[in-house]
Amino acid sequence: MKTFRKRRQHSSVFYRRRRRRNYVPLITFIIAFCVVVWLGARFFSMLFSDIRSEAASMELQILKGRSEFTFSESDEWTPAYSEQKFLEGDSIRTSNNTRASLSFLGGNMIFLNENTEIQILELEEKSSGKKNVVLLLKKGDLWAHASGDDFSDDTKSQFSVQTDRAIVHVRGTIFDLSSNETQDTLRLIKGSVDVDVFHDGDDEDFTNVNVGVGQKLVLSNASVEQLQSNQDILEIIDTDFIYSEWHLQNLERFSPQEATQIRRRIEVSAVPPVTTGDDNLQVSDDLESPNILTPMDGTRIPASSDTITIEGTAPLKAVQIVVNGYTLTKFQPGDRKWAYFGAKKFGTLLPGENTYSVIAISRDGKKSIPAKVNVFYEGEGAVIAADDANIVSTIDEFKAPVITRPTVMDEGDPYQTSSEIVTIMGLVDPKTNGVEVNGFRLKKFQPGQTEFSYIANARYDNMKEGENVYAITAFGPDNKKATKSITIIYSPLNVESE
């Protein structure tokens, strides 16, 4: 019996040594631990999601002239090109006679006037949808449209523009801000802004000013002292700014109907012609005459109308355009398009025959041979011959296109650029039925339009390195056509990586 018990014990021990281990508790613990870690990570990710931000950029469009940029880590300025993207820390500046735009974070956009320099201090869009934009306006003039859906009191997003004198806090608005050595000027068109006005340039010692729609805030040494004395320094926006092409061209992008209404007010409020004394100027054969595009010579204006618009293009050397002795105040040196508004109420449109004489004046004080157009106004008191009562004026001449962009210094000179995208724009005769550029028909151009545009893009092989000639052909009635050419020399930048 003893022997048997020993064997049973021995057998029992032997069995325990060969039995498999039970890993279920360990595996369960590991799985539970991983789940806890994952849930914790998700919790902290949701809690601090604002810390993570997606890449944000501003896209440049050069509307006219030439722009430059420099990266945050560089002091060297380089020519910029349209559709180029800029990030936080980058700077952009425009040269003389230049206009550019920067779009960012959806439908937000700023326009840069000539000789303007800005730096992107902050630009981010976080995972929660919160947006943060901080710009530094070092000099010049910017016009901004900020979406109320993105920047308002109801959102946590922030948009501000800084200068050496103030910080403008933007909440869904349209505004213009300019800065120079002596003062800053803020004009609020729509929406809401408040401004931190620095005391003696100290951004920690400031007075906050709320600016209302239609108000202007001018910041200078004198006005800041007035503000510190609790005086009101807000003014009404000046009419000259509201009527300026700078404001209207930008406004047309977002409120075309409002811009049209303002232009109509300009027409109605046109002042009578004044003499410029140009009779004493010497006529120069070297200065081309202005080109009158509309109306056609001999046009009849019905009695139901009381205004007339005369439009055309100016020679490149023109610094002034004068119509019947009246200097066009909206025309600036370098502009290619001009417009004159005649009105019955001001005596610039009279019943019967009206002749409009247009001259260009150069910087050296010489004038061109006049370009003239005759119109007949059928207003009360006009004498209409029976044979002429049903005449509809026509003109045999079909005018060649006029290229307004890109701008060259002298007619026939090539345009040189390092940008891989160049927009060719211009004007054509009102009788134009279609426009072709190097045989390519412009599909967006419709008969009766007077403006055309064509994009030359190195990526699409319609602009190559070196010399490119673009022939713009306008097609008119009775198989008439007229052609104008421009030469573009494309020299791409060769940026070598270190």
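Any read-out appearing in this document is the output of simple, stated calculations on the displayed coordinates, not a laboratory observation. Not measured: the values here are computed from a predicted model. Cβ placement follows ideal geometry from the backbone for every residue including glycine, while neighbour counts extend to all protein chains displayed.
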Just going by the charge dipole of the stretch 402-490, with Lys and Arg at +1 and Asp and Glu at -1 on Cβ, which of Val422, Asn479, Ser453 is farthest out on the positive end? Asn479
Gap in Å between the Cα centre of the stretch 80-117 and the Cα centre of the stretch 179-249? 23 Å
Distant-in-sequence amide H partners of Val193 (H built 1.01 Å from N, under 5 Å): Val211
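Rounded to two decimals, what is Rg over Rh for the stretch 114-175 when you use alpha-carbon atoms and the Kirkwood radius?
0.98
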Given C-alpha coordinates of the stretch 402-490, what is the ratio Rg to Rh with the Kirkwood estimate of Rh? 0.97
Give me the percent of Cα-Cα pairs in the stretch 405-453 that sit more than 19 Å apart, rounded to a whole number. 37 percent
Applying the Karplus parametrisation 6.51 cos²θ - 1.76 cosθ + 1.60 with θ = phi - 60° to the phi angles of the stretch 343-360, what ³J(HN,Hα) value in whole Hz is obtained for each residue in order, glycine and proline being reported as x? 9, 4, 5, 9, x, 9, 9, 10, x, x, 6, 10, 10, 10, 10, 10, 10, 10
Please give the per residue volume of the convex hull enclosing the alpha carbon atoms of the stretch 103-142, rounded to a whole number of Å³. 55 Å³
Cβ charges +1 (Lys, Arg) and -1 (Asp, Glu), total dipole of the stretch 213-365, debye: 440 debye
The stretch 150-166 to the stretch 419-483: how many Å between their Cα centroids? 42 Å
Hey, could you grab the Kirkwood Rh for the stretch 125-277? Inverse mean 1/r over distinct alpha carbon pairs, Å, one decimal. 16.9 Å
I'd like the Kirkwood hydrodynamic radius of the stretch 278-388, using the inverse of the mean 1/r over distinct C-alpha pairs, in Å. 14.7 Å
Restricting to lysines 8 or more places apart or on different chains, can you count the pairs in the stretch 53-246 with Cα atoms under 15 Å from each other? 4
